[in-house]
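Read-outs throughout are calculated quantities, based only on the coordinates presented, and are distinct from any laboratory measurement. Please read these numbers as outputs of a predicted model, since none were measured by experiment. When we count neighbours, we look across all protein chains shown, and the Cβ atoms used for this are built from the backbone with ideal geometry, even at glycine.
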Amino acid sequence: MQEDLTKPIIQIKNLGTCFDGKWVHKNLNLTIYPNRIITIIGASGCGKTTLVREILMLQPITEGEIYLAGEKISNYNIEDSTTKLTLSRVGMMFQQGALFSSLTVLENVMFPLFEYTDFSKEAISEIAQIKLKLTGLSASAYNNYPKELSGGMLKRVALARTLALDPKVVFLDEPTSGLDPDSAGNFDALISSLQHQLNLTIIMITHDLDSIWSISDEVVYLGNKKVLVHDTVENVSNNKSIPELYEYFNGPRGIVTKTYHLAHKNGENKK
Amino acid sequence: MYKEKSNQKLVKTTAATLEFNANTALISLHGCWLWSSINEKQLKLDLAYLKNIKTLQVDASKIETMDTIGAYFIAKILQHLKRHQIKVTHFSLPPSEKEFFTQIENKLNEPHKNKVSPESGGIITLIGLDVFTFLSSTFDIIKFFGQFCVNLAGFLISPFKLEWNEVIRTISSAGVKGLWVASLLAFLIGVTLAYEMSPQFVNYGANIYIVNFLGIALLKEVVPLLTAIIVAGRTGASITAEIGVMKVQEEIDAIQTMGISPFRRLVLPKVIGVVIAVPLITAIADIVSMFGGATVANNSLGIGYVLFLQRLQSDVAINNYTCGIIKSLAFAFIIALVGCFCGFKVKGNANSIGEQTTKSVVLGIILVVFIDAIFAIIFKTLGI
């Protein structure tokens, strides 16, 4: 589980993405170091999901280079075995979970293990159960189908499936969307504890200010087709150079969350 | 002990190994205990050698790295030793991995509150379930038909409330787009039947009777049936899939919560559309099939097109044609209704859409042939 924290896990150089003559990204540069939670924020349509899809090789890039753990992946072919092995080292949790509706909860988590390993069925089933236990899902739900689960449970199963092959980098697309504040808080705590336990690098797209303040180590702000700010949450929230970003963290809604979390943080420091 | 297994570029790993030293009663674990570098079969083989041993030391302090799956397999080694009454006197791990390993070991040893493997019933249970499913499906079809009739009555009272755009869309997809397939097959069937039968007529010197044969067989039986089968495959399946996807995406629930009947919004327009389209394409396919037959009659039997038409007009009663069209109306109705019914039966998963689409086509074709048999009896009784 030891990792060289000084080497970037993801490096994006001069990335450009063009859809039908319209540039979504242009000269985008981003370096992400391991073992931390990074949140990507930005206005709707600024290309947050596109960026993640490009790192996951779900979408071709127009120009530039993407490196994953020092390996150039931007020219990989999705059908290559190398690409498949690379993809087994990254995990993605989709916004709606993207669970296989025809498989049970346990089978959903077993699926990638069957695909990549030649372990016995018993071992795979036990490993899948460990993953589900790590995400805190009750054993009574293991034989249920995704349709029979609540939103919070679905997210936990999706997270367990994402972690099935012990990825080093995990992408989470709006992990707390559709959850009530309590469940969202619990899910944030789960993400944070799993990040520590498994030494993960988590890259999260979210609009949930509570999530950003409570678990993010760094915030990446996308705007004007590139990364405009990449800093700690506190520094980003105090950055006045971009009015809309400042407004986001210090507007009527943002300031309440900011004040609460800063007070909470100071309280913890005093203790 | 194991061969280098992982060749991935991203993470260079050495294989996970287990070495047993009988002299010192020590198991040493080496290498990377990652999913990509663990060979479960080899591990089991290595553990099988450990027999007639009372105590053992396990040294995992030299492992390079470990993930959840690696921790699971190390925990399984300890479990195996315990099960075989081998006492582990000493177990060491790298300090950085201790807490993580303990967590995974605890998760593995947590008792299961619920049985995880699905329960399977005996043969009696399975037969019982099948009978129950069949009876409840039959009941559901009758109920569905009843609901349709109620909504049809509503449509007859106020026909303008119907989604006519949807009707036209259905006519376009079931009729216009399906026309060329139905026509092509009808032409080929006309040609084939005429070719197959022409030697028989020639033997008896009754060449001209090919017209009577083709007129009755094609117009009354073959073309309506063939067209219905094509429509069941194309339109029936597409109706099921369309409604099924809507069901999965809760669009039907949305329609219901708006106080709109899904029957009026979805089923009626589709059924009406198909009922309008199918007789029309059957009528056209009838003509094309006759043309196919006439072509063969002209080339092989020396019956010119004009003579063929004259004979058709004089010897083949118009009833054959109208019977075919009436049958196609019934076929269309049943195909569309079955398509909609199966669509509504879709449960919330992707497999279910496939299952119901298959069911829709199979059930549609079976019912079409069944109704065809009933029509044959009715027409015979009525002397048509």
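Data overview
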quantity: For chain B, convex hull volume per residue from C-alpha positions, Å³; calculated: 299 Å³
quantity: Exposure proxy order (Cβ contacts within 10 Å, fewest to most) of A:H25, A:H207, A:H196; calculated: A:H196, A:H207, A:H25
quantity: Computed over the protein assembly as shown, the ratio Rg/Rh where both radii use C-alpha atoms and Rh is Kirkwood; calculated: 1.12
quantity: Percent of beta bridges antiparallel (DSSP, the protein assembly as shown, rounded to nearest 5); calculated: 45 percent
quantity: Ranked list, fewest to most other Cβ atoms within 10 Å of each Cβ, for B:I284, B:I377, A:I37, B:I243; calculated: B:I377, B:I284, A:I37, B:I243
quantity: Unit charges at the beta carbon, dipole of the protein assembly as shown: most positive-side option, B:I168, B:V296, B:I127; calculated: B:I127
quantity: Kirkwood hydrodynamic radius (C-alpha pairs) into Stokes-Einstein, chain A, 10 °C and 1.306 mPa s, D in µm²/s; calculated: 81 µm²/s
quantity: Helix axis angle, B:237-248 relative to chain B longest principal axis, alpha carbon, degrees; calculated: 40 degrees
quantity: Stretch gain in nm, segment A:I255-A:S140, where the contour uses 0.36 nm per residue and the Cα spacing is subtracted; calculated: 37.3 nm
quantity: MRE, 222 nm, helices only [DSSP H, n ≥ 4, -39500 (n - 2.57), over the protein assembly as shown, to nearest 500]; calculated: -18000 deg cm²/dmol
quantity: Inter-chain Cβ neighbour average for residues A:121-129, partner chain, 10 Å; calculated: 4
quantity: Dipole moment magnitude, nearest 20 debye, the range A:120-271 about Cα centre, only Lys, Arg, Asp, Glu C-beta charged; calculated: 140 debye
quantity: Top positive-direction residue, dipole computed over chain A with Cβ charges, set A:H25, A:A43, A:N250; calculated: A:N250
quantity: Nearest 10 degrees, 0 to 90: helix B:95-109 Cα axis against chain B principal axis; calculated: 50 degrees
quantity: Total charge dipole magnitude, chain B, about the Cα centre, Cβ charges on Lys, Arg, Asp, Glu only, Debye to nearest 20; calculated: 700 debye
quantity: Long-range Cα-Cα pairs in the range A:1-58 (distance over 12 Å), rounded percent; calculated: 73 percent
quantity: Ranked list, fewest to most other Cβ atoms within 10 Å of each Cβ, for B:V131, A:V52, A:V233; calculated: B:V131, A:V52, A:V233
quantity: Sites A:W23 and B:H84, calculated FRET efficiency, Cβ-Cβ separation with R0 60 Å, nearest 0.05; calculated: 0.40
quantity: Protection-proxy order for peptides B:150-156, A:183-189, each taking the mean of Cβ atoms within 10 Å per residue, highest first; calculated: A:183-189, B:150-156
quantity: Restricting the range A:192-269 to trypsin sites (Lys or Arg not before Pro) in coil, as DSSP defines it, with at most 14 other Cβ within 10 Å; calculated: A:K240
quantity: For B:56-68, mean number of other protein chain Cβ atoms within 10 Å; calculated: 2
quantity: For q = 0.11 Å⁻¹, Debye-computed log10 I/I(0) when each Cα of the range B:249-333 counts as one equal scatterer; calculated: -0.51
quantity: Cα pair distances exceeding 21 angstrom across the range A:179-255, given as percent; calculated: 32 percent
quantity: Where Cα atoms sit under 23 Å apart: lysine pairs in the range B:239-384 separated by 8 or more or lying on different chains; calculated: 12
quantity: Cα-based radius of gyration of the range A:84-180 once divided by 2.2 N^0.38 Å, which approximates compact folds; calculated: 1.00
quantity: Size of electric dipole in the protein assembly as shown: Cβ of Lys, Arg +1 and of Asp, Glu -1, about Cα centre, debye, nearest 20; calculated: 420 debye
quantity: Rh by Kirkwood over Cα pairs, then Stokes-Einstein D for the range B:9-97 at 1.567 mPa s and 4 °C, µm²/s; calculated: 98 µm²/s
quantity: Farthest toward positive dipole pole in the range B:134-254 [+1 Lys/Arg, -1 Asp/Glu at C-beta], among B:L193, B:S136, B:V245; calculated: B:L193
quantity: Under the Debye formula (equal points on every Cα, no solvent term), log10 I(q)/I(0) of the range B:191-300 at q = 0.21 Å⁻¹; calculated: -1.05
quantity: Cα-Cα over 27 Å, subset of A:K121/B:K82; A:K26/A:K155; A:K133/B:K51; A:K258/B:K107; A:K133/A:K258; calculated: A:K26/A:K155; A:K133/B:K51; A:K258/B:K107; A:K133/A:K258
